[in-house]
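As structure tokens, the structure follows; a few thoughts come after it.
Read the figures in this text as sums done on the coordinates, not as results from a lab. Since we're looking at a predicted model, the values are computed, not measured. Here the Cβ positions follow ideal geometry from the backbone for every residue, glycine too, while neighbour counts run over all protein chains shown.
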Amino acid sequence: MSILDNRPELAREVEQVAEVAGYLWQKGWAERNGGNITVNVTQHIDDAIRAMPAISEPRPIGFTLPNLKGCYFFCKGTNKRMRDLARWPMDNASFIRILDDCAHYEIIADKPVAPTSELPSHLAVHNYLIGKGSNYKASVHTHPIELVAMSHCKKYLEKDVATRLLWSMIPETKAFCPRGLGIIPYQLPSSNELAESTIKELGDYDVTLWEKHGVFAVDTDVMAAFDQIDVLNKSAQIYICAKNMGFEPDGMSDEQMREMTVAFNLPK
Ligand code: 2HA
Ligand code: ZN
């Protein structure tokens, strides 16, 4: 028996997570247990799921997150590998229920796989998204090689320097990542400080770059969050490829960027 039996919409969410997990591994962005994914699946939860007994004790989230009352999430497991999540999603992730105190969660299915070490930051982000009435349901954290490499240089950590550079490498980047790349100065992984600074930047950006660590992206679903990271990292690869050929790429001119922005009706 699985929670996914006779629940095609929920099963589809899990399939999408598994598909993205496979991409993250194939791209070399998910060494060992690197990265995590959480999806707010509350819209697919029925009364039978609400009545399901917990298969773990209540565990503290670390924050009180009032907008998550009654919410359910599908979360990659801590210490689990993306490449395993791709093949066996229900052995490497679990569904959790947020308890009414909004400060604890419990695992409900299928197996008692403890959620990601970044659960506090992921849940705090979901709490923030719900609070602002967003339709975003998925968050993805991963370690894209070229973007992380760029985050080791102070120049690219100045506000919107990397955004402008990456947008100018290929016209589609601004079209498909119109809010650009927010920058989060280095913080300890899994820390509340990292969660808090990520949330601040998500007011202006869908994708944030954690200095010397990785990216954290949000979007309507897991595939869309992955696509934004993929598009940005592709631009980073083009930039680095040009540098490796021995020249500084010109990038699209300001005029070409303006033309694009108008033609695709993008934010300034
Ligand atoms: O969960 O990438 O930052 C593995 C990580 C933590
Ligand atoms: Zn990480």
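Calculate, in nm to one decimal, what Asp160 and Phe247 gain on full extension: separation in residues at 0.36 nm each, minus their alpha carbon distance. Don't jump to the answer; show the numbers that get you there.
Details: separation 87, 0.36 × 87 = 31.32 nm, distance 2.21 nm.
Answer, rounded to one decimal: 29.1 nm.
Relative contact order (percent) for region 1-131, with alpha-carbon contacts under 8 angstrom and 6 or more residues of separation?
Normalised by residue count, the contact order of region 1-131 is 29 percent.
Find out how many positive minus negative residues lie around His213, taking Lys and Arg as positive, Asp and Glu as negative, among other residues whose Cβ is under 15 Å from that of His213.
Taking every Cβ under 15 Å from that of His213, the sum is -4.
Could you check the spin-label model distance between Asn67 and Gln43? Points 7 Å from the Cα along Cα→Cβ, value in nm.
The answer from the label model is 1.5 nm.
Provide the per-residue ³J(HN,Hα) series for region 28-37, in order, calculated from phi with Karplus coefficients 6.51, -1.76, 1.60 and θ = phi - 60°, each as a whole number of Hz, with x at glycine and proline positions.
Coupling constants for region 28-37: x, 9, 9, 5, 6, 9, x, x, 7, 9 Hz.
For region 20-96, what relative contact order do you get, as a whole percent, if you take Cα pairs closer than 8 Å and at least 6 residues apart?
Relative contact order of region 20-96: 45 percent.
Place +1 on the Cβ of every Lys and Arg and -1 on the Cβ of every Asp and Glu in region 12-72, take the dipole about the Cα centre, and give the residue among Val39, Phe63, Ala18 whose Cα lies farthest towards its positive end.
Value: Phe63.
Using modelled backbone amide H atoms (1.01 Å from N, in-plane), which distant-in-sequence or interchain residues come within less than 5 Å of Tyr105's amide H?
So Tyr105 has HN proximity to Arg59, Ile61, Leu99.
Give the range of the longest stretch in the chain that excludes all chymotrypsin sites (Phe, Trp or Tyr not before Pro) found in loop regions by DSSP and having at most 15 other beta-carbon atoms within 10 Å.
The longest such stretch corresponds to 1-185.
Return the percentage of antiparallel bridges among DSSP beta bridges fully within region 110-247, rounded to the nearest 5 %.
Percent antiparallel among DSSP bridges in region 110-247 is about 70.
Could you state the number of Å between the C-alpha centres of region 47-80 and region 13-42?
Each part's Cα centre sits 19 Å from the other's.
Distance cut-off 31 Å, Cα to Cα: go down the list Lys80/Lys155; Lys69/Lys154; Lys234/Lys268; Lys132/Lys159; Lys80/Lys159 and report the pairs above it. Provide the component values of the computation, followed by the final result.
On the way: Lys80/Lys155 34 Å; Lys69/Lys154 40 Å; Lys234/Lys268 22 Å; Lys132/Lys159 24 Å; Lys80/Lys159 34 Å.
With Cα atoms farther than 31 Å apart: Lys80/Lys155; Lys69/Lys154; Lys80/Lys159.
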